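The values are calculated or read from the model by the stated rules, or taken from the named source; none is laboratory data. Note that the coordinates shown come from a computational prediction; the quantities given were computed from them, not determined experimentally. Cβ placement follows ideal geometry from the backbone for every residue including glycine, while neighbour counts extend to all protein chains displayed.
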Amino acid sequence: MALFEEGAYCRVMRILLFSGKGGVGKTSLSAATGTRLAELGYRTLVMSVDPAHSLADAFDLEAGLFDARTADPYEIAERLWIHEINIQREIKRHWQEIWGYISGLLRTSGLNEVEAEEMAIFPGMEELTALLYVNEWVKEGDTMWWCWTAHRPGRACASSRCQRR
C-alpha cells in the first residue's frame with residue numbers, strides 16, 4: 001500500500017478528531033486540514049466514519065454513495081489520501097479480529113458463542129474498524145497525520161480508550 005512508503009515526514013503519528021453535530025463542517029474542516037498538512041509535506045490520511053460518505057464530495061471526486069474507490073485509502077494528491085469507512089466491507093475484512101474481541105467480551109456476561117456472535121454487531125462498529133486501521137499503522141511504525149471525522153464524538157473517544165487497553 002502506498003501509505004507505507006519509505007521516508008517519514010514526522011516522527012510519530014498524530015490524530016486529529018473532528019466531531020460535532022451534523023452540518024457543522026466536520027468533513028469540510030478535516031478535508032481542508034488534511035490538504036494543508038499534505039502541502040506542508042506531511043503524509044496525511046483523512047478518514048471518515050460517517051455513513052453519508054461525503055468526504056469524496058469534499059475533494060470533488062465524482063463518486064457514488066457506495067463507490068469502492070474510497071473504501072480503502074485513496075490517493076488524492078502527493079502525501080494525501082482519503083478513506084471512507086464502509087462498515088459492511090470492514091466487518092468482512094476484520095471479522096475474525098472484531099468477533100474475537102467482542103464475542104469474548106460478551107461471553108464473559110454469560111452468552112454462548114452463537115448468541116455472542118449475533119450480538120457482536122452493534123452501534124460503534126465504524127469507530128472500531130477505524131481504530132483497527134490505526135492499530136495496524138502503529139504496529140508497522142507508520143508516521144503520518146490522521147484526520148478523523150466522527151459524527152458521534154462520544155463513541156469515538158470511548159472507542160479510543162478501549163483500544164489502548
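Considering the range 8-114, the qualifying helices (runs of 4 or more DSSP H), each wholly inside and each with 1 or more residues that are exposed (fewer than 13 other Cβ atoms within 10 Å of the Cβ) and under 16 Å from the mean Cα position of the chain (by Cα), run over 87-107. Is at least one residue of the range 122-144 among the β-branched types (Val, Ile, Thr) and modelled with pLDDT under 70? Looking through the range 122-144, at least one residue is among the β-branched types (Val, Ile, Thr) and modelled with pLDDT under 70. When the range 75-88 is filtered for residues that are in contact (Cβ under 8 Å) with a residue 12 or more places away in the chain and either more than 22 Å from Met144 (Cβ to Cβ) or of a type in the set (A, V, I, L, M, F, W, C) (or both), the ones remaining, listed by number, are Ile76, Ala77, Leu80, Trp81, Ile82, Ile85, Ile87.
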